[in-house]
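Asks: One structure follows; several queries about it will come next.
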Amino acid sequence: MMAKIHPTVIVEDGAEIGPDVEIGPYSIIGSRARLGAGVRIHSHVVISGRTHIGQGTIIYPHAAIGGPPQFRSDPGKDAVITIGEQNVIREHVTINGGSAKGGGLTQVGSRGYFMAYSHIGHDCHVGDDVTFANGVALGGHVTIGDGVNIGGLAAIQQYGRIGRNAFIGGVTGVPDDVIPFGMAWGDHARLQGLNLIGLKRNGLSRDRIHALRAAYRAIFFGNGALAARVQQAAECWRDVPEVLEITRFIQAKSKRPICMPPRSETAALDSELA
């Protein structure tokens, strides 16, 4: 089907508009934008820069996608944004292009749901099937794994990493890396345990969940240095992929420390695992 474009829309020369695209009143599509098949753009949306949007994505009013990085020394002339398929991007969401220092690419996966006023900073890499509640803010260079769920008004500090299927509570400042399958919340985030609801929803077996909980206890509440505990867990549970995902995440090079649990949690966790 032909694209359906309101007469008040500005589509600059050079923009690529796929079949069956709909663009609502007063939106602006920049010359280097590329919209995949079936993309729906509501009114008053601005798509600028080298922005590629995958098929079936829906963008609501007043979103601004593709602006230059918010970086004093980088005008973002060659900034790139790639957005996957079947995303929902709600009102006033902002996504900035990559910086020259950070590689020039901001990347968003597929099937994400980004609620109103969410912000994705320059050079971020966001996985598939994520959910950002209202007002979530990512600093530059943040990496978000697949299936991550972030509560409203949470903020992830630049260069932070949030592992696959982690959960971040609302109104949480996250200065540290959060492990895959972890839950973190608080004024300054502390690790609060494993995202058991998410693990069950993803069909992880009871045996694997028990192994993962035991490994979590060994890593975060065992004796000795953290590096040694992580290595011991990798060896003890080498046949459990989720444990290995956590140990490799912790061992990977990062600009941020690992988010740790409050020590007062030890007794409660020991009781749960008894």
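The values are calculated or read from the model by the stated rules, or taken from the named source; none is laboratory data. Predicted model only: the values in this text are computed from it and were never measured. Virtual Cβ from ideal backbone geometry, glycine too; neighbours counted across all protein chains shown. Accessible surface is based on the protein model in full, side chains and every heavy atom, while ligands, DNA and RNA are left aside. Shrake-Rupley method; radii C 1.70, N 1.55, O 1.52, S 1.80 Å.
Asks: Suppose only helical runs count, i.e. DSSP H with n ≥ 4. What mean residue ellipticity at 222 nm does that imply for the chain under -39500 (n - 2.57) per run, divided by all residues and rounded to the nearest 500 deg cm²/dmol?
Replies: That calculation yields -5500 deg cm²/dmol at 222 nm.
Asks: Taking Cα pairs under 8 Å and at least six residues apart, what relative contact order does segment 166-243 come out at, in percent?
Replies: 19
Asks: Rounded to the nearest 20 debye, what is the charge dipole size of segment 66-122 about its Cα centre when +1 sits on each Lys and Arg Cβ and -1 on each Asp and Glu Cβ?
Replies: 100
Asks: Same structure, new question: Looking at the chain, what % of its DSSP beta bridges pair antiparallel, to the nearest 5?
Replies: 5
Asks: Would you list which lysines come within 16 Å of LYS255, measuring only between C-alpha atoms, while excluding same-chain residues fewer than 8 positions from it?
Replies: Within reach: LYS101.
Asks: Give, to the nearest whole percent, the P(r) tail of segment 184-245 beyond 15 angstrom, counting all Cα pairs. Working shown, then result.
Replies: Details: 1021 of 1891 pairs.
The answer is 54 percent, as a whole percent.
Asks: Extending each Cα 7 Å along its Cβ direction at ARG72 and HIS52, get the distance between those two points in nm, one decimal.
Replies: 3.4
Asks: If you don't mind, there's one more thing I want to ask. For segment 187-223, list residues with backbone N below 12 Å from a point placed 7 Å from the Cα of SER254 toward its Cβ?
Replies: Label zone hits: 191.
Asks: Across the Cα atoms of segment 1-70, what radius of gyration and what greatest pairwise Cα-Cα distance (Dmax) are found, in Å?
Replies: In order Rg, Dmax, the Cα atoms of segment 1-70 give 10.6, 38 Å.
Asks: Suppose all protein chains stay in the model; what accessible area per residue would a 1.4 Å probe give for segment 116-274, in Å²? Working shown, then result.
Replies: Details: 7330 Å² over 159 residues.
Result: 46 Å² of accessible area for each residue.
Asks: Under the definition of Cα pairs under 8 Å and six or more residues apart, what whole-number percent is the relative contact order of segment 83-164?
Replies: Averaging sequence separation for qualifying contacts and normalising by length gives 24 percent for segment 83-164.
Asks: A further question follows. Report the extension gain between SER31 and ASP239 in nm, rounded to one decimal, defined as 0.36 nm multiplied by the number of residues separating them, less their alpha carbon distance.
Replies: Taking 0.36 nm per residue and subtracting the Cα distance, the gain is 69.8 nm.
Asks: Tilt of helix 206-221 relative to the longest C-alpha principal axis of the chain, in degrees (0 to 90, nearest 10)?
Replies: That helix lies at roughly 80 degrees to the long axis.
Asks: On to the next question. Run the quick spin-label model on VAL171 and ALA225: label points 7 Å from Cα toward the beta carbon, then report their separation in nm to one decimal.
Replies: Here the answer is 4.0 nm between the modelled labels.
Asks: Keeping the other protein chains in place, figure out the carbon and sulfur percent of the accessible area of segment 63-221, with a 1.4 Å probe.
Replies: 50
Asks: Normalised by the number of residues in the chain, what is the relative contact order in percent for Cα pairs under 8 Å and 6+ residues apart?
Replies: Values: 797 pairs, mean separation 22.6, N = 274.
Relative CO of the chain lands at 8 percent.
Asks: Would segment 46-117 count as rounded, prolate or oblate if I go by the C-alpha gyration tensor, calling it rounded below 1.5 in a/c and otherwise prolate when a/b exceeds b/c, oblate otherwise?
Replies: Note, shape of segment 46-117 comes out prolate.
Asks: With bins 5 Å wide starting at 0, give me the P(r) of segment 99-163 over every alpha carbon pair, in whole percents.
Replies: Result returned by the calculation: 5, 20, 30, 31, 10, 4, 0.
Asks: Let me ask you something else. With +1 on each Lys and Arg Cβ and -1 on each Asp and Glu Cβ, and nothing else charged, work out how big the dipole of segment 132-274 is about its Cα centre, in Debye to the nearest 20.
Replies: In total the dipole reaches around 160 debye.
Asks: Something else: With angles folded into 0 to 90 degrees, how steeply does helix 241-251 sit against the dominant principal axis of the chain? Use alpha carbons for both and round to 10.
Replies: 80
Asks: If the convex hull of the alpha-carbon atoms of the chain is projected onto planes in all directions, what is the mean projected area in square nanometres?
Replies: On the way: hull surface 61.2 nm².
Here the figure is 15.3 nm², rounded to one decimal.
Asks: Kindly list the residues of segment 23-65 that lie in the label zone of HIS6, defined by a backbone N under 15 Å from the point 7 Å along the Cα-to-C-beta vector.
Replies: Inside the label zone: 23-29, 40-47, 59-64.
Asks: Return the sequence-ordered ³J(HN,Hα) values of segment 117-125 in whole Hz as given by the Karplus equation 6.51 cos²θ - 1.76 cosθ + 1.60 applied to θ = phi - 60°, using x for Gly and Pro.
Replies: 6, 5, 9, 10, x, 4, 6, 6, 10
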